[in-house]
Amino acid sequence: MDLFEYQGKQYFARYGIPVSAGDIADTVEQALAVAQRVGYPVVIKAQVKVGGRGKAGGVKLAANADEAALHAGNILGLDIKGHVVHRLWVEHASDIAREYYASFTLDRPNKVHLGMLSSQGGVEIETVAVESPDAIALLAIDPVVGLDVATARRWVAEAGLDEGARAGAADLLVALYRCYTEGDCDLAEVNPLIYTPDGRVHALDAKVTLDDNAAYRHPEWEEFRATETEDPREQMARAKGLNYIGLSGSVGIIANGAGLAMSTLDVVNQVGGSAANFLDIGGGADAGVMAAAMEVINHDPSVRAIFVNIFGGITRVDEVARGVLEALGRVEIAAPIVLRLDGTNAEEGRAILAPYLSDRLLTEPTMLDAARHAVALAKN
Ligand code: GDP
Ligand code: MN
């Protein structure tokens, strides 16, 4: 789960990471009240879960109430890369001497935590990585050993942070690492991490992704969950009890078993297509589940073809076939359907569907054939 900046900052604050005094506001009036409280000058920031808000006009400084009202009014309702701003974060503006970058994330192949630190913050780190990769100091952290202050001090020196910023930055990095590990983040990123003219180091932005697998030990995450704007497709799937993840391609996928569903995505990719979703109807799925799956996929306007990939084990293929017919009877399915049916009761399943086959409902003997056919239809 991704957090809004304000939630990330609140999370940071729990671990003693210095952030500016501020509060959220959903209206111009609220923004003015917060500004009054934290003191001018203030910075008014769009709360949307997307980067580059500054460049898009979603971050503005205001020296007085008139400017604050103007900017708050302009930013509320602004569309930033498809995300409409409904909430602002207003904080006391900081003076900036230098902008740095710091983050922790997981380096899966090497089974370590990866710290990234750069004296060239404020801009997108991807740009720094391309244009001056040497400006990013990487630190591999053994999760058993963790990050101590001595290591952090060597690291800030290696990254070339200004001398005066190093002690404060090292302390902040140790706190950020604790937030990242104990706070169960997949990503904790600060960009910019600022060095102020009066010698302090603090977090001016917060990008936090929480590890959903750790949600069971964080009941306090419920408040973050409450503000999540879920993908409407995922919302519908969850209401139907389906194991669904929305993706950005055009081939709708229905498979039984997470492994087969993932392989199905791979095969669709391999033959030049892209999946609109992951959907695992699970073992022992009956006709009702199959029909529900078809309805969810059908609801997605980007789906141009549906690939149903079933290997019957506990799931019986005849049940799946009945589910397809049930769905076809219940709703008008917009996209053509390609089925690959194999395993338990495959013969019976194919026999059930045989009278209904057309150029909108097809079967293929193998997973690869079915993927090719579905991708070709999706591109049509
Ligand atoms: P992003 O563009 O979505 O990453 O939003 P940020 O929170 O990183 O803000 C973008 C830029 O606005 C920062 O890199 C700063 O240059 C500037 N900015 C944000 N807050 C302040 C502030 O308190 N004072 C000043 N002077 N600039 C700020
Ligand atoms: Mn930023």
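Taking all protein chains in place and a 1.4 Å probe, what share, in percent, of the accessible surface of region 72-164 do carbon and sulfur account for? Can you show the working numbers first?
Working: 2580 of 5020 Å².
The C+S portion of the solvent-accessible surface of region 72-164 is 51 percent.
Rounded, prolate or oblate for region 232-379? Axes are the square roots of the Cα gyration tensor eigenvalues, ordered a ≥ b ≥ c, and the cut-off for rounded is a/c under 1.5. Intermediate results must be reported in sequence, preceding the final value.
Working: a/c = 1.27, a/b = 1.12, b/c = 1.14.
Verdict is rounded for region 232-379.
Could you check the spin-label model distance between ALA13 and LEU260? Points 7 Å from the Cα along Cα→Cβ, value in nm.
Each label point lies 7 Å from its Cα, and together they span 5.0 nm.
At 1.4 Å probe size, put HIS299, HIS71 in order of accessible surface, largest to smallest. Mind dumping the intermediate values first?
Details: HIS299 115, HIS71 35 Å².
The most accessible residue leads, giving HIS299, HIS71.
When a/c is below 1.5 the answer is rounded, else prolate if a/b is larger than b/c, else oblate, so apply that to region 109-176 with a ≥ b ≥ c taken from the square roots of the Cα gyration tensor eigenvalues.
Details: a/c = 2.20, a/b = 1.15, b/c = 1.91.
Judged from the Cα gyration tensor, region 109-176 comes out oblate (a/c at least 1.5, b/c at or above a/b).
How far is helix 65-75 tilted, in degrees, relative to the longest principal axis of the Cα atoms in the chain, given as a value from 0 to 90 rounded to the nearest 10?
Around 20 degrees separate the two axes.
THR181 to ASN243: extension gain in nm, 0.36 nm per residue of separation minus the Cα-Cα distance?
Working: separation 62, 0.36 × 62 = 22.32 nm, distance 2.76 nm.
The span from THR181 to ASN243 would gain 19.6 nm if fully extended.
Which residues among region 257-273 fall inside the zone where the amide N is under 20 Å from a point 7 Å beyond the Cα of LYS379, along Cα→Cβ?
264-273
Where is the GNM fluctuation largest for the chain (alpha-carbon springs, 10 angstrom cutoff): VAL43, VAL145, VAL308?
Answer for the Gaussian network model of the chain: VAL145.
Place the peptides 211-223, 248-260, 52-64, 355-367 in order of packing, highest mean first, counting for every residue the other Cβ atoms within 10 Å and averaging per peptide.
Descending packing order for the listed peptides: 248-260, 52-64, 355-367, 211-223.
If a/c stays under 1.5 just call it rounded; otherwise compare a/b with b/c (prolate if a/b is bigger, oblate if not). Do that for the chain, with a ≥ b ≥ c from the square roots of the Cα gyration tensor eigenvalues.
Prolate, because a/c is 1.5 or more and a/b exceeds b/c.
Do any GluC sites (Glu not before Pro) in region 271-378 lie in a DSSP loop with no more than 12 other beta carbon atoms within 10 Å, and if so, which?
Here the GluC sites (Glu not before Pro) that fit, given the DSSP loop and packing criteria, are GLU332.
What is the list of residues in region 260-274 whose amide nitrogen lies under 17 Å from a point 7 angstrom out from the Cα of LEU368, following Cα to Cβ?
Zone members listed by number: 263-273.
Of the listed pairs LYS111/LYS240; LYS111/LYS379; LYS45/LYS240; LYS207/LYS240; LYS55/LYS379; LYS49/LYS111, which have alpha-carbon separations greater than 30 Å here?
Where the Cα-Cα span goes over 30 Å, the pairs concerned are LYS111/LYS240; LYS111/LYS379; LYS45/LYS240; LYS207/LYS240; LYS55/LYS379.
Could you please put MET116, MET262, MET294 in sequence from largest to smallest accessible area, using a 1.4 Å probe?
I get MET262, MET116, MET294, largest accessible area first.
So if R0 is 41 Å, what FRET efficiency would VAL145 and ASP359 give, r being the distance between their Cβ atoms, rounded to the nearest 0.05?
Working from the Cβ atoms, E equals 0.10.
Taking the alpha-carbon centroid of each part, what is the distance from region 334-359 to region 175-229 in angstrom?
After rounding, the separation between the Cα centres reads 48 Å.
About its Cα centre, what dipole magnitude does the chain give when the only charges are +1 on Lys and Arg Cβ and -1 on Asp and Glu Cβ, stated in debye to the nearest 20? The partial results should precede the final answer.
On the way: 33 positive and 52 negative charges, 58 e Å.
For this selection, approximately 280 debye.
The values are calculated or read from the model by the stated rules, or taken from the named source; none is laboratory data. This structure is a prediction, so every number in the text was calculated from the model and none was measured. Because the Cβ atoms are built from the backbone with ideal geometry, glycine has one as well, and the counts that use them run over all protein chains shown. Ligands, DNA and RNA are excluded from the accessible area calculation, which covers all protein heavy atoms including side chains. Shrake-Rupley method; radii C 1.70, N 1.55, O 1.52, S 1.80 Å.
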